[in-house]
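The values are calculated or read from the model by the stated rules, or taken from the named source; none is laboratory data. This is a predicted model, so every value here is computed, not measured. Note: ideal-geometry Cβ built from the backbone for every residue, glycine included; neighbour counts use all protein chains shown. We work out accessible area using only protein heavy atoms, side chains counted, and drop any ligands, DNA or RNA first. Shrake-Rupley method; radii C 1.70, N 1.55, O 1.52, S 1.80 Å.
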Amino acid sequence: MTARPETSAEVAEAVREASRILAVAGRTKPILAKTSDAEHLDLSGLSGIMEYEPSEYVFTAKAGTLIREVQGTLREHGQYLPFDPPFAEDGSTLGGMVAAGLNGPGRLRFGGLRDFLIGVTFVDGGGCLVKGGGKVVKNAAGFDFPKFLVGSLGRFGVLTELSFKVFPQPESYATLCLPHKDLTAGLETVLRIAGSSWEPDALELKSSGEVILRLGGTERALAKRVEHNLK
């Protein structure tokens with residue numbers, strides 16, 4: 001049986017009534033959530049951006065909200081989530097993103113998911129609503145619930161609402177592919193780039209030795225950076 005709550009209160013009620021719960025939504029990472037004896041709690045109905053202040057660079061949304069929908073809204077205001085959430089185009093949700101704790105290549109320069117999550121509301125095993133962090137970047141000191149829940153795979157509670165800080169999005173990008181004869185040569189290039197003036201937004205090393213480099217900035221500045229560093 002699958003329950004499909006649409007509010008935090010309904011999630012709490014479902015948790016109280018079930019002996020074992022598995023929260024699902026986008027189902028883009030099923031290998032991380034395998035269990036045979038749990039009632040599925042479908043959070044896809046728990047969707048929507050609740051608060052967004054572009055001037056404050058923060059937003060709060062329900063856990064079942066699709067990442068691509070959030071990205072679309074942020075893009076309208078020249079903002080983005082710099083850590084490149086994986087599986088966004090496949091239907092991944094904010095709650096699944098946090099529960100899995102996965103990051104994309106943008107983590108290299110700006111930090112990972114845990115550095116951008118500033119507030120959570122979740123339902124604990126007893127069916128009680130718990131809040132941690134807040135909806136502003138600066139908060140009072142205390143136990144950091146948001147970071148504690150990143151990568152927890154739902155073991156400590158069912159996420160229902162999430163607050164994030166965001167960054168201004170670069171005007172333009174340049175992506176370079178640097179081929180190498182083997183993995184060792186590619187690794188040497190990665191180490192050189194890390195200590196150079198490239199300042200990449202993202203950096204990937206493939207098993208073939210190919211290095212993929214992404215730069216962000218203004219179109220004019222990007223051209224000069226690429227020309228300077230390829231000399």
Check your understanding: Measuring from label point to label point, each 7 Å out along Cα→Cβ, what is the ARG16 to TYR173 span in nm?
Key -> 4.6 nm
Point to revise | Exposure ranking of HIS228, HIS77 by accessible area [1.4 Å probe, largest first] | key: HIS228, HIS77
Check your understanding: Leaving out same-chain residues fewer than 8 places away, which aspartates and glutamates sit with a Cα under 15 Å from that of LYS34?
Key -> ASP42
Practice item. Please get the size of the charge dipole for the chain, origin at its Cα centre, with Cβ charges of +1 on Lys and Arg and -1 on Asp and Glu, quoted in debye to the nearest 20. Key: 580 debye
**Study point:** At q = 0.21 Å⁻¹, base-10 log of I(q)/I(0) for segment 115-214 (Debye sum, equal scatterers on each alpha carbon)
**Key:** -0.93
Check your understanding: Got a sec? What order do LYS165, LYS34, LYS224, LYS135 fall in by accessible area at 1.4 Å, biggest, i.e. largest, first?
Key -> LYS34, LYS224, LYS135, LYS165
**Study point:** Accessible area in square angstrom per residue, the chain, 1.4 angstrom probe
**Key:** 54 Å²
Practice item. Identify all lysines with a Cα-Cα distance to LYS131 below 19 Å; exclude those on the same chain that are fewer than 8 residues away in sequence. Key: LYS62, LYS147, LYS165
Review point. Roughly what % of DSSP beta bridges within the chain run antiparallel, to the nearest 5?
Key: 85 percent
Study note, to complete from the structure: If amide H atoms are modeled at 1.01 Å from N in the peptide plane, then the residues at a separation of 5 or more from LYS29, or on another chain, having amide H under 5 Å from its own are none
Practice item. Work through the residues other than PRO179 whose Cβ is under 12 Å from its Cβ and net out their charges, Lys, Arg +1 and Asp, Glu -1. Key: 0
Revision key, fill the gap. Once all protein chains are kept in place, LEU183 shows an accessible area at probe 1.4 Å, nearest 10 Å², of 90 Å²
Revision key, fill the gap. The summed charge of the VAL190 Cβ neighbourhood (under 12 Å; Lys/Arg +1, Asp/Glu -1) stands at -1
Check your understanding: aspartates and glutamates near LYS181 by alpha-carbon distance under 18 Å, same-chain residues fewer than 8 away left out - which ones?
Key -> GLU204, GLU210
Point to revise | Whole-number D in µm² s⁻¹ for segment 1-89, Kirkwood Cα-pair radius fed into Stokes-Einstein, 25 °C, 0.890 mPa s | key: 168 µm²/s
Check your understanding: For CYS177, what accessible area in Å² do you get when you roll a 1.4 Å probe over the heavy atoms of the protein chains, rounding to the nearest 10?
Key -> 80 Å²
Review point. Which angle between 0 and 90 degrees, to the nearest 10, do you get for helix 8-17 versus the longest principal axis of the chain when only C-alpha atoms count?
Key: 60 degrees
Check your understanding: So, how do all the Cα-to-Cα distances of the chain break down into 5 Å bins, in percent, from 0 on up?
Key -> 1, 7, 13, 16, 16, 13, 11, 9, 7, 4, 2, 1, 0, 0
Revision key, fill the gap. GNM of the chain, Cα pairs under 10 angstrom: of GLY64, GLY126, GLY154, the biggest fluctuation goes to GLY126
Practice item. Give the peptides 49-59, 98-108, 15-25 in descending order of average Cβ contacts within 10 Å, highest first. Key: 98-108, 15-25, 49-59
Review point. Carbon and sulfur together cover what percent of the accessible area of the chain at a 1.4 Å probe radius?
Key: 52 percent
**Study point:** Rounded Å value of the spacing that divides the Cα centres of segment 115-137 and segment 1-79
**Key:** 13 Å
Review point. Short version: ³J(HN,Hα) in whole Hz for each residue of segment 93-105, in order, from phi by Karplus 6.51 cos²θ - 1.76 cosθ + 1.60 (θ = phi - 60°), x for Gly and Pro, what are they?
Key: 10, 4, x, x, 4, 5, 4, 7, x, 8, 10, x, x
